[in-house]
Amino acid sequence: MVSRQLVFNVNVSKINAAPCYCGLPKRFTDCCEPLLKGSKKALTAETLMRSRYSAYVIHQADYLLATTHISQRQYYSKAEILRWATENHWIKLDVIHTTEYTVEFTAHFINSHLKNEIHHELSNFVFENGNWFYVDGEFI
């Protein structure tokens, strides 16, 4: 656990001035980092989805679990989320289409076998008690 925290601190110091991983033309510190730290809430389903992508990039499994709707958390484990996040090298996120409660996107990454992959998903979200949550997604 301590080594993960040290790695996280090193990663954040390197990316603070970099464009946000979510693809918006903002610095990470002004975009997704406040959501990941809990100092700001996602205002839309798209904002939550973008922050979740950034969480995968910097291996923030706790945030991913916390932003998954309570009805779905039983299907995910922190260990499995960390495995998926760390075994892939995340390249970019493209948001294709959004509605109030859905986001279609592609996440481009290089897998552990050094093969380029694209994760294409239509994700469903719910707004509950003043917070957005990821519910589920359909692979396209």
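The values are calculated or read from the model by the stated rules, or taken from the named source; none is laboratory data. Quantities reported herein were computed from a predicted structural model and do not represent experimental measurements. Because the Cβ atoms are built from the backbone with ideal geometry, glycine has one as well, and the counts that use them run over all protein chains shown.
For His69, state whether it is within 21 Å of Glu117 (Cβ to Cβ) and either free of Cβ contacts under 8 Å to residues at least 40 places away in the same chain or surrounded by fewer than 20 Cβ atoms within 10 Å (Cβ to Cβ) (or both).
In short, no.
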Within segment 78-112, of all residues that are at pLDDT 95 or above and part of a loop (DSSP other than H, G, I, E, B), the one farthest from Val126 (Cα to Cα) is Asn111
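Would segment 15-25 turn up any residue that is closer than 22 Å to Phe125 by Cβ and either among the basic types (Lys, Arg) or at pLDDT below 95 (or both)? Break it down into steps so the answer makes sense when it comes.
Initial filter on segment 15-25 (closer than 22 Å to Phe125 by Cβ): 20-24.
Narrowing further to those that are either among the basic types (Lys, Arg) or at pLDDT below 95 (or both): none.
No: segment 15-25 contains no residue that is closer than 22 Å to Phe125 by Cβ and either among the basic types (Lys, Arg) or at pLDDT below 95 (or both).
Does Thr99 qualify as being surrounded by 15 or more Cβ atoms within 10 Å (Cβ to Cβ) and out of contact with any strand residue (DSSP E or B) (no Cβ under 7 Å at 6 or more places or on another chain)?
Details: surrounded by 15 or more Cβ atoms within 10 Å (Cβ to Cβ): no; out of contact with any strand residue (DSSP E or B) (no Cβ under 7 Å at 6 or more places or on another chain): yes.
The answer is no for Thr99.
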Being surrounded by 12 or more Cβ atoms within 10 Å (Cβ to Cβ) and either in a helix (DSSP H, G or I) or modelled with pLDDT of 95 or more (or both) narrows Ser54, Ser3 down to just Ser54
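For segment 36-51, give me each residue that is in a helix (DSSP H, G or I) and under 20 Å from Phe127 (Cβ atoms). Quick ask: steps written out before the conclusion?
Taking segment 36-51 as the starting set, the residues that turn out to be in a helix (DSSP H, G or I) are 36-37, 45-51.
Answer for segment 36-51, where residues must be in a helix (DSSP H, G or I) and under 20 Å from Phe127 (Cβ atoms): Leu36, Ala45, Glu46, Thr47, Leu48, Met49, Arg50, Ser51.
Does Trp132 meet the test of being part of a strand (DSSP E or B), among the aromatic types (Phe, Trp, Tyr), touching a His at 6+ places or on another chain (Cβ under 9 Å) and closer than 22 Å to Lys26 by Cα?
Numbers: part of a strand (DSSP E or B): yes; among the aromatic types (Phe, Trp, Tyr): yes; touching a His at 6+ places or on another chain (Cβ under 9 Å): no; closer than 22 Å to Lys26 by Cα: yes.
Considered against the rule, which asks whether it is part of a strand (DSSP E or B), among the aromatic types (Phe, Trp, Tyr), touching a His at 6+ places or on another chain (Cβ under 9 Å) and closer than 22 Å to Lys26 by Cα, Trp132 comes out as no.
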